[in-house]
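Structure, as C-alpha cells:
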Amino acid sequence: MMSSIARSVRLLASQQQQPRFLPTSNLQQQQVLKKTIGRYFSTDTVFLNGEYMPKEEAKISPQDRGFLFGDGIYEAMPFYHGRPFALEQHLKRLENGLSFLRIPYDVKSNHLLEMFQNLISKNELDTSKRCMTYIQITRGAPMIRNHAFSTPGGEQPTPTIYAFCQEIQYPSVERWNQGFTCALVPDRRWGRVDMKTVNLLANVLGYQDAKDQGCDEAILHKDGMALEGAHGNFWAILDDDKNTIVTHPTTHDILPGITRAVLLEEARRDGRFVVEERPLTLEELRDNVKEAFFTSTTVELKPAVSVDGKPIGDGRAGNVTRELWTLFQKRIERDTGVKMLYS
Ligand code: PMP
C-alpha cells in the first residue's frame, strides 16, 4: 500500500510538476517534501537511546512497555529561536512523572538541554520563532509481557528514551481573533491525569468527538465541572466588572500545565485581575462567562468563542484574553530575549 508520504509526493508532483522524479525511499520522499512544502510537517533527525539518527532509522522493540501498556511519561517543551522557555518547570514535571511511575531515569544527569539543542540545530530549527522538543521515556522492553514490572529477583528493563523536535505552527492574528469553537465532552480519563503519561486515549477520543461535531476544541467535563481541554488547560473570565479569571486548581483531575503556571504568575503580578483557582461549574460556563481560552505549550493562549453552538460573550476573542496573551508574550520576551509581541 502507498504510504501517506508517497501519496503527498505524487499529489505535489501532479499539482506543481515538482518534484520531477518520485524518490523511492521514505527518507528521500521526506527530504523532497521538506524542500517543497517546508519543514513544519516533520523533522528528520531524532534521538533514540543516546543516538541521533534519521527518523526512518529509529526502531523500537514491539516488546516495549510503552507500546504494550502505554507505560511511559512524556514532556513537550517550547523553544523560541532555539532558546528554552520555562525549561526547569518542564523538567521538574518530567521528574515527578517518572518518580510516580517508578521508572529509573535520572533527569538531572542526562544533559537534556544539550540534547534538545542538538536536535534543534540538527533539524535547522534554531531560527524558527517557535518550536517544541518532545521527549518520551518508557519502561523499556522486557523479555516477556507481564503487567508487573518488578518481580522478586527479576531484572528491570532499561528505559527507552525517544526525542524529536518540530516547528510550532501558530495561528495568524486574524484566525486568533476569530477564536475557536468548543464542544463539551465527558471526561473519561483515569484518576491521575496530573501525570503526563503517554496514555492519551480518552484525550484523543474526546478531541475527535469535538471534531466530529464540527468544533475546533473539546472542553472535558466531570461531575458538573468544566475541567480542561483535551490538550490544554481551560480558563474563563467571569461576566463581572472585576475581570475575575477562573481556572481549575491543580488537583489529580487536570494536568498542571506549565503555561498555566506561568500565566498565573504574570496575571497575579500584573494586579489588574482577580484570580481564582477553583472548579468552574457548567452553569457558570453557560450563564456567567464573557471570555474563555485554553493554554498550552504549543498554543500559548487560544481563545474559545462558543460552547456547543452558544457564543461566549460576543463570540470573538475578548480583550481580557488579549491582555493576558500580551502579558504572556512579554514574559517570553523577558526570559528568552526573543521579540514576540503581536505575531
Ligand atoms: N492539559 C492537557 C490535558 C494537556 O495535554 C496539556 C498539554 N500537554 C496541557 C494541559 C497544557 O500543559 P502545558 O502548558 O505544560 O503545555
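The values are calculated or read from the model by the stated rules, or taken from the named source; none is laboratory data. Worth saying up front: this structure is predicted, and the values here are computed from it rather than measured. Please note: Cβ atoms are built from the backbone with ideal geometry, for glycine as well, and neighbour counts cover all protein chains shown.
The table that follows gives values for the structure above.
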{"quantity": "Scope the stretch 90-109; condition touching a residue at least 24 places away in the same chain (Cβ under 8 Å), over 18 Å from MET77 (Cβ atoms) and assigned to a helix (DSSP H, G or I); matching residues", "calculated": "PHE100, LEU101"}
{"quantity": "Subset of the stretch 207-222 [more than 17 Å from the chain's Cα centre (by Cα) and assigned to a helix (DSSP H, G or I)]", "calculated": "ASP209, ALA210, LYS211, ASP212"}
{"quantity": "Test set (1) under 27 Å from LYS196 (Cα atoms); (2) in a loop (DSSP other than H, G, I, E, B); (3) in contact with a Phe, Trp or Tyr (Cβ under 9 Å, 6 or more places away or on another chain) - PRO249 fails condition number", "calculated": "(3)"}
{"quantity": "Selection count, the stretch 276-289, where residues are surrounded by fewer than 17 Cβ atoms within 10 Å (Cβ to Cβ) and in a strand (DSSP E or B)", "calculated": "3"}
{"quantity": "Odd one out for GLN18 among (1) at pLDDT 95 or above; (2) touching a helix residue (DSSP H, G or I) at 6+ places or on another chain (Cβ under 9 Å)", "calculated": "(1)"}
{"quantity": "Subset of the stretch 216-249 (residues that are more than 16 Å from the ligand (Cβ to nearest atom), in contact (Cβ under 8 Å) with a residue 60 or more places away in the chain, in contact with a strand residue (DSSP E or B) (Cβ under 6 Å, 6 or more places away or on another chain) and not aliphatic (A, V, I, L, M))", "calculated": "ASP239"}
{"quantity": "Only listed residue being within 12 Å of the ligand (Cβ to nearest atom) and assigned to a loop (DSSP other than H, G, I, E, B), chosen from VAL193, VAL204", "calculated": "VAL193"}
{"quantity": "Within the stretch 297-319, considering residues that are surrounded by 21 or more Cβ atoms within 10 Å (Cβ to Cβ) and under 17 Å from ARG260 (Cβ atoms), the one nearest to the ligand (Cβ to nearest atom)", "calculated": "THR297"}
{"quantity": "All positions within the stretch 53-75 that are in a loop (DSSP other than H, G, I, E, B) and of a type in the set (Gly, Ala, Ser)", "calculated": "ALA58, SER61, GLY70"}
{"quantity": "Any hit, the stretch 193-214, residues being farther than 23 Å from ASN49 by Cα, polar (S, T, N, Q) and modelled with pLDDT under 95", "calculated": "no"}
{"quantity": "Selection count where residues are within 16 Å of the ligand (Cβ to nearest atom), among the charged types (D, E, K, R) and more than 22 Å from ASN203 (Cβ to Cβ), scope the stretch 250-276", "calculated": "2"}
